[in-house]
Amino acid sequence: MNNSLNSSPFWQTKSLEEMSAEEWESLCDRCGKCCLHKLEDEDTGDVYYTSVACKLLDTKSCQCTDYPNRKQIVPDCTVLTIKDIRHFHWLPDTCAYRLISENKPLYQWHPLISGSYGSIHQASASVKGWVYSENSLDDDDDLEEYIIPHTMI
């Protein structure tokens, strides 16, 4: 009997720490939400998302235009790693890294479930179509003016 037909997907059987690099990367649903500029209230620690995206985010595809070199180009870029799991509270509620770290299931539109990276856009769960690239802003623009409601994330 072939057990592979009855086995559960890796994200249901492995912890984030147990995943291979390929499995880890495949958890990213390409929503683009982690590429949005965020503001943190120094007094409360609350994180506020803005509708302004990193200059490397392609706002149509929600993919980084230079993923391998993103940290060198944008020093403030947060590269998600296993060691950061305890800090995943700032990630969107829909993020697979956060969901897995909190022992929650992935959404049906997640590409690992749906089989398509387009499903996240069809479900309106990505930033496609409603964010601005930081390149399109003026130097005197204030990010606080671009804070979005938590319900959008």
Quiz item: Which residues, taken from the stretch 54-70, are closer than 21 Å to HIS110 by Cβ, outside any loop (DSSP other than H, G, I, E, B) and either in contact with a strand residue (DSSP E or B) (Cβ under 9 Å, 6 or more places away or on another chain) or basic (Lys, Arg) (or both)?
Solution: LEU57, ASP58, GLN63, CYS64
Quiz prompt | Residue under evaluation ASN135, criteria (1) part of a helix (DSSP H, G or I); (2) modelled with pLDDT of 95 or more; (3) of a type outside the set (Val, Ile, Thr), criterion not met | solution = (2)
Quiz item: Residues LEU56, LEU91: which one is under 22 Å from LEU112 (Cα atoms), buried (at least 19 other Cβ atoms within 10 Å of the Cβ), in contact with a Cys (Cβ under 7 Å, 6 or more places away or on another chain) and aliphatic (A, V, I, L, M)?
Solution: LEU91
Quiz item: ASP84 is checked against (1) closer than 20 Å to TRP11 by Cβ; (2) surrounded by fewer than 18 Cβ atoms within 10 Å (Cβ to Cβ); (3) under 13 Å from the mean Cα position of the chain (by Cα) and fails just one. What number does that condition carry?
Solution: (3)
Quiz item: When only residues in the stretch 24-44 that are in contact (Cβ under 8 Å) with a residue 60 or more places away in the chain and part of a loop (DSSP other than H, G, I, E, B) count, which is surrounded by the fewest Cβ atoms within 10 Å (Cβ to Cβ)?
Solution: ARG30
Exercise. Exactly one condition in (1) in contact with a strand residue (DSSP E or B) (Cβ under 7 Å, 6 or more places away or on another chain); (2) modelled with pLDDT of 95 or more; (3) among the aliphatic types (A, V, I, L, M) is not met by LEU27; state its number.
Key: (1)
Quiz prompt | Inter-residue pairs, beta-carbon under 9 Å, first free of Cβ contacts under 8 Å to residues at least 60 places away in the same chain and in the stretch 50-61, second among the β-branched types (Val, Ile, Thr), 6+ apart | solution = LEU56/THR65; LEU56/ILE73; LEU56/VAL74; ASP58/THR65
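The values are calculated or read from the model by the stated rules, or taken from the named source; none is laboratory data. As the structure is a computational prediction, the values presented were derived from the model and not from experiment. Glycine also receives a Cβ, built like all others from the backbone with ideal geometry; neighbour counts cover every protein chain displayed.
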